[in-house]
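Let me begin by presenting the structure, written as structure tokens, before commenting on it.
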Amino acid sequence: MKRYIHTADAVFALILFCAFALSMLLVLMMGAGAYQRVRDTSENHFSEDTCISYLTMKLRHFDDATGTVYLGDVNGTPGIYMTEFIDEREFVTAIYFYDEDETDDEPGYVRELFAERGYDFVPQYGFEILQVQGLSFGLEDGVVKISCIGTGGGHAETYIALRNWGAVE
């Protein structure tokens, strides 16, 4: 016995396969577009989010009974100082924004400098942590305010209440 395939059945199966293939292609294209947008957003906000996270972690680390945290000035550059005692000697960690050549369009760096208290801080000697366009610190009612402008122009800020209230000068 011979089976005959009707043309209408074959056309219907082909149309159904093409519809399935087209819908899969559309779903893949929409997924790729969504991924691209998420990736672009993440890249645009990387520097300011990383800066805020890094500084928050550092402040939390130094917020104990043995150290102090205070706002100060690194040779004309505002920064945040965190002190600690190691082998009965006091050391200071300074975190600040420094742009070596303010005339160019290149962003500056968040820098960190660790030294024994009394050491003459020179801003360009600090270790480059992260490239950003700007970083500022403030103090409002015993709460440290940190604002960062990333390389993409995005802005992020946070407020950190220190447990050791007497530690902020």
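The values are calculated or read from the model by the stated rules, or taken from the named source; none is laboratory data. Quick caveat, the model's predicted, so the values are computed rather than measured. Note: ideal-geometry Cβ built from the backbone for every residue, glycine included; neighbour counts use all protein chains shown.
Scanning segment 152-167 for residues that are modelled with pLDDT under 85 and of a type in the set (Phe, Trp, Tyr) gives a single hit, TRP165.
For segment 49-81, what are the residues that are within 20 Å of the chain's Cα centre (by Cα), over 14 Å from LEU135 (Cβ atoms) and of a type in the set (D, E, K, R)? Once the filter is applied, which keeps residues that are within 20 Å of the chain's Cα centre (by Cα), over 14 Å from LEU135 (Cβ atoms) and of a type in the set (D, E, K, R), segment 49-81 yields only ARG60.
Within segment 141-151, restricting attention to residues that are in contact with a helix residue (DSSP H, G or I) (Cβ under 6 Å, 6 or more places away or on another chain) and surrounded by 15 or more Cβ atoms within 10 Å (Cβ to Cβ), which residue is modelled with the lowest pLDDT?
Quick first cut of segment 141-151, residues in contact with a helix residue (DSSP H, G or I) (Cβ under 6 Å, 6 or more places away or on another chain) only: 142, 146, 148, 150-151.
If we keep only those that are surrounded by 15 or more Cβ atoms within 10 Å (Cβ to Cβ) as well, we get 146, 148, 150-151.
Values: ILE146: 92, CYS148: 92, GLY150: 87, THR151: 84.
Looking at residues that are in contact with a helix residue (DSSP H, G or I) (Cβ under 6 Å, 6 or more places away or on another chain) and surrounded by 15 or more Cβ atoms within 10 Å (Cβ to Cβ), I get THR151.
Of the residues that sit in segment 4-63 and are acidic (Asp, Glu) and assigned to a helix (DSSP H, G or I), which one is surrounded by the most Cβ atoms within 10 Å (Cβ to Cβ)?
From segment 4-63, those acidic (Asp, Glu) are 9, 40, 43, 48-49, 63; that's our starting set.
Within this subset, residues satisfying the condition of being assigned to a helix (DSSP H, G or I) are 9, 40, 43, 48-49.
Values: ASP9: 10, ASP40: 11, GLU43: 11, GLU48: 25, ASP49: 15.
Here the answer is GLU48.
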